[in-house]
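The values are calculated or read from the model by the stated rules, or taken from the named source; none is laboratory data. Since the structure is predicted, the reported quantities are computational estimates derived from the model, not experimental observations. Methodologically, a virtual Cβ is constructed for each residue, glycine included, from the backbone with ideal geometry; neighbour enumeration extends over all protein chains shown. With ligands, DNA and RNA removed, areas are computed over all heavy atoms of the protein, side chains included. Shrake-Rupley method; radii C 1.70, N 1.55, O 1.52, S 1.80 Å.
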Amino acid sequence: MSLMIDIEGFELTEEDRELLSHPSVTGFILFGRNVESVEQVAALTRAIRALRPELLIAVDYEGGRVQRIREGVTRIPTMRSVGLAADAEQLAEDTGLVVGAELAALGFDLPFAPVVDLDHGCSGVIGDRALHRDPPRVVALAGAYIRGLGRAGLSATVKHFPGHGAVIPDSHVELPVDERPMEQIESDDLQPFAQLIRLGVPSVMTAHVVYREVDERPASFSTHWVQHWLRGRLGFAGCVVSDDLTMGGAAAMGGPRRRVELAAEAGCDLLPLCNHRPSVIDVLEAGPLSMPQGFEARLQALHRITVSLDASQVQAARQRLSKLLT
């Protein structure tokens, strides 16, 4: 296991440099507060690369409400609008291509996208971030999005395992409880994860949601969900990323050190600990974190690769996406 951490401002402070250099930190995630301009963001990622070339640089970047960089880049429509369009699969691939091309140019390795939660019509926090209600459509659309990212040299992270779309509470602020039986979850919400794992997606993010009929612990802290289902039944061999461990949905599991320990024991590889610097310091001062067998290879698979892109194809994709915004 290892930590993914954030910073407060537009550039690295001495404390940022010290924490990002810690051997238990293997990732950095950018937030909107870190964005002044695309030039500044590119300078920040270059500074991080200069400090530690092997650090994974990620960002939540789905489109719609969740697009951390807003100026100097293409505005990405909501995934619901993509999923409901007549040419939905083309637009989903266009989204991945444009997001991938623009993030690659700014020095990023990984967008935490696409969302493959089903649009059950009740979750405000998921809502229009979801591609569709129908599992096979979500698989087709998410697969197209992932192909687009791949054309730009970027990998994908599908989220939020095993499905966040059927609960009303927002796990950023409280702990949602899904009361459905396992049979219903397996036949419905789990299907996009199962199919995309078979297609080789390299990273899955877990949900801070309790599925009471299955386990009393949230999925991010559940050996049943991570080891029995994700690793075992679904055969996932890639990188398991916990959702942010400072979120309200994780608070019930104890203090920051305890959350890190429990998520790691459950089988999560990469542990985002964001928006609360004292928690990061507290965890790192407790001593080095042990890395699970094969972790380096799983993490390396998420790093950007350099590809040759046809600029006219990217521009054509931008133009098609722009029609959803008018």
Orientation-averaged projected area, Cα convex hull of the chain (nm²)
14.8 nm²
For His132, residues with placed amide H under 5 Å, excluding near neighbours
Asp119
Estimated FRET transfer efficiency when R0 is 25 angstrom, pair Glu213-Arg133 (beta carbons, to 0.05):
0.70
Give the Cα extents of the stretch 1-75 along the principal axes, in whole Å, largest first.
36, 25, 19
What is the chain's relative contact order, in percent, from Cα pairs under 8 angstrom and six or more apart in sequence?
19 percent
Along each of the three principal axes of the Cα atoms of the stretch 163-258, give the extent in whole Å, ordering the values from largest to smallest.
35, 27, 19
Area of Arg75 that stays accessible when all protein chains are in place (1.4 Å probe, Å², to 10):
150 Å²
Under a 10 Å cutoff between Cα atoms, tell me which one of Ala286, Ala166, Ala237 has the largest fluctuation in the Gaussian network model of the chain.
Ala286
Tell me whether the stretch 243-310 comes out rounded, prolate or oblate; compute the Cα gyration tensor, take square roots of the eigenvalues as a ≥ b ≥ c, and use a/c under 1.5 as the rounded threshold.
prolate
Output ³J(HN,Hα) for the stretch 120-134: one whole-Hz value per residue in order, computed from phi by the Karplus curve 6.51 cos²θ - 1.76 cosθ + 1.60 with θ = phi - 60°, and x for Gly and Pro.
7, x, 10, 9, x, 6, 8, x, 6, 6, 7, 6, 5, 8, 7
Whole number please: convex hull volume per residue, Cα atoms of the stretch 170-326, in Å³.
174 Å³
Once phi is turned into ³J(HN,Hα) by the Karplus curve 6.51 cos²θ - 1.76 cosθ + 1.60 with θ = phi - 60°, what whole-Hz value does each residue of the stretch 64-71 show in order, with x for glycine and proline?
x, 5, 10, 9, 5, 9, 10, 10
Based on DSSP H runs of at least 4 residues, each adding -39500 (n - 2.57), what is the mean residue ellipticity at 222 nm of the chain after dividing by all its residues, to the nearest 500 deg cm²/dmol?
-10500 deg cm²/dmol
Volume per residue that the Cα convex hull of the stretch 214-273 spans, once the total is divided by residue count, Å³
67 Å³
If I build a Gaussian network model for the chain, linking alpha-carbon pairs within less than 10 angstrom, which residue out of Ala50, Ala266, Ala88 has the largest mean-square fluctuation?
Ala50
For the stretch 1-71, what is the relative contact order in percent, using Cα pairs closer than 8 Å and at least 6 residues apart in sequence?
34 percent
For a paramagnetic label modelled at 7 Å from the Cα of Gln319 toward its Cβ, which residues of the stretch 139-168 fall within the zone defined by backbone nitrogen distances under 14 Å?
none
Working from the alpha-carbon coordinates of the stretch 35-123, get Rg over Rh, Rh being the Kirkwood radius.
1.02
Which order do Ser242, Ser21, Ser155 take when ranked by solvent-accessible area (1.4 Å probe, heavy atoms of all protein chains), largest first?
Ser21, Ser155, Ser242
What is the stretch 2-138's relative contact order, in percent, from Cα pairs under 8 angstrom and six or more apart in sequence?
22 percent
With the chain treated as a Gaussian network of Cα nodes joined by springs under 10 Å, which of His208, His164, His22 yields the largest mean-square fluctuation?
His22
